[in-house]
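What follows is one structure encoded as structure tokens, with my remarks underneath.
The values are calculated or read from the model by the stated rules, or taken from the named source; none is laboratory data. None of these values were measured; they are calculated from a predicted model. Note that we place each Cβ from the backbone using ideal geometry, even for glycine, and neighbour counts take in every protein chain shown.
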Amino acid sequence: MSQAITLGAIADFLGGACIGDPALEIRGIAPIDTAQPHEITFAASKQYEFQLADSRAGAVIINQSSSAPRPAHGVVVANAYLAYAQLSKLFETRPVPAARVHPSAVIHPSAQLAAGVSIGPHCVIEADVIIGEDVQLLAGAFIGCRSTLGASVVIFPNVVIYHDVHIGARSRIHANSTIGSDGFGYAPTPHGWQKIHQLGGVRIGSDVEIGANTAIDRGALEPTELADGVIIDNQVHIAHNVKIGKNTAIAGCVGIAGSTQVGANCTMGGFVAINGHLEIADNVHFNGGSIVTKSIAESGHYSSGTLLQDVKTWRRNAVRFGQLDEWIGRLKRIENSLQQDQ
């Protein structure tokens, strides 16, 4: 059980109005239907407000605009979901490693480590690396030559960061991700493929979060770039020379091909696939499973793909889809014939 925080302290932290006893002790956050008297919950929409009467939660975070009856104990805020997100920081359960260098770590003499860093077991830090204050490298992390990590960066276990990768302050990279591996660049020859050595690096801004098992390729000649505030889910692939704008959010299993530029404040649902050398405007939102084959110049919501169907129906329709070009040709001939008759 977490250390207790009083309801009054929570209200002060969130900048909200306290309802009920400010000395009430809260020891965690929980959903409305499972919360216990020592926990706080939140009602982010009317759908959840209807469940408040049956909740056992000790306190509730509720929207100022809500018309639901006020709880006996709680905090009134402008945005309950945002307040929940902010409050989650106080109840974080991840152990924070002590500021130290584990004896099994291998660190090149030319590497620069600022104050307060934590280097876990079996980490490797190569030549001319610069690591900022309060950085955490968990077990097995690898940092390649000339890479830099800004203050308070967290690198989770077994992350591989190649040479010439630059990561801004407070960014977090989760386990088993690879940053700066070679882009998929080859020139065809009569005898096979000639590798194009990838000479660019990767530049990641501040406050970026990258999920587990994600791969971000280095650029061919110039860096692959992720701007400040980008968030990326697990198992995403970003190819060489891609540029992603500020605060864009990318869900799991997305693939972005080389040299595509994505604007700021975009969102991509799971399994979105984006072709290479495209330009995506700011504030573009792709539904999950969309296949993007052309540039998008206007903001808005976009989707592609077919509806889910039973296999028998899908097979028939798949055949018909392949016949569309032939049918359109027939239709045009019929239209031309009718126009001539008229």
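When Gly269, Gly276, Gly263, Gly258 are checked against the criterion of being among the small types (Gly, Ala, Ser), under 20 Å from Gly211 (Cβ atoms) and assigned by TED's automatic domain parsing to the domain that holds Asp228, Gly269 stands alone in meeting it.
Just to be sure, is Ile274 within 27 Å of the chain's Cα centre (by Cα) and either surrounded by 10 or more Cβ atoms within 10 Å (Cβ to Cβ) or in contact (Cβ under 8 Å) with a residue 40 or more places away in the chain (or both)? Step through it out loud before you land on a result.
Values: within 27 Å of the chain's Cα centre (by Cα): yes; either surrounded by 10 or more Cβ atoms within 10 Å (Cβ to Cβ) or in contact (Cβ under 8 Å) with a residue 40 or more places away in the chain (or both): yes.
So Ile274 passes the test.
For Gly200, the conditions (1) touching a residue at least 60 places away in the same chain (Cβ under 8 Å); (2) more than 21 Å from the chain's Cα centre (by Cα); (3) crowded, with 17+ Cβ neighbours inside 10 Å are fulfilled apart from (1). If you check Arg146 against the conditions, is it among the basic types (Lys, Arg), part of a loop (DSSP other than H, G, I, E, B) and surrounded by fewer than 16 Cβ atoms within 10 Å (Cβ to Cβ)? In short, no.
Look through Asp21, Asp33 and report the one residue that is modelled with pLDDT under 95, in a loop (DSSP other than H, G, I, E, B) and more than 20 Å from Glu92 (Cβ to Cβ). I'd like the intermediate steps shown before the answer.
Values: Asp21 fails: modelled with pLDDT under 95.
It is Asp33.
Which residue out of Glu209, Glu225 is surrounded by fewer than 20 Cβ atoms within 10 Å (Cβ to Cβ), at pLDDT 95 or above and farther than 21 Å from Lys294 by Cβ? The conditions single out Glu209. Check whether at least one residue in segment 194-202 is touching a His at 6+ places or on another chain (Cβ under 8 Å) and not in a loop (DSSP other than H, G, I, E, B), and report yes or no. Within segment 194-202, one or more residues are touching a His at 6+ places or on another chain (Cβ under 8 Å) and not in a loop (DSSP other than H, G, I, E, B). Exactly one residue out of Ala53, Ala83 is closer than 18 Å to Ala30 by Cβ, free of Cβ contacts under 8 Å to residues at least 24 places away in the same chain, part of a helix (DSSP H, G or I) and not assigned by TED's automatic domain parsing to the domain that holds Asn176, and it is Ala53. Restricting attention to segment 261-316, the residues that are in a loop (DSSP other than H, G, I, E, B) and more than 25 Å from Asp217 (Cα to Cα) total 11. Per this entry, Asn317 is counted among residues that are more than 30 Å from Val236 (Cβ to Cβ) and either surrounded by 11 or more Cβ atoms within 10 Å (Cβ to Cβ) or touching a Lys or Arg at 6+ places or on another chain (Cβ under 8 Å) (or both).
Of Ala187, Ala175, which residue is assigned to a strand (DSSP E or B) and either of a type in the set (Val, Ile, Thr) or surrounded by fewer than 21 Cβ atoms within 10 Å (Cβ to Cβ) (or both)?
When all the criteria are applied, what remains is Ala187.
Quick one: in segment 1-18, which of the residues that are loosely packed, with under 15 Cβ neighbours inside 10 Å and polar (S, T, N, Q) is modelled with the highest pLDDT? Of everything passing the filter in segment 1-18, Gln3 is modelled with the highest pLDDT. Residues that are over 14 Å from Val153 (Cβ atoms) and not aliphatic (A, V, I, L, M) within segment 113-143 comprise Pro121, His122, Glu126, Asp128, Gly140, Phe142, listed in sequence order.
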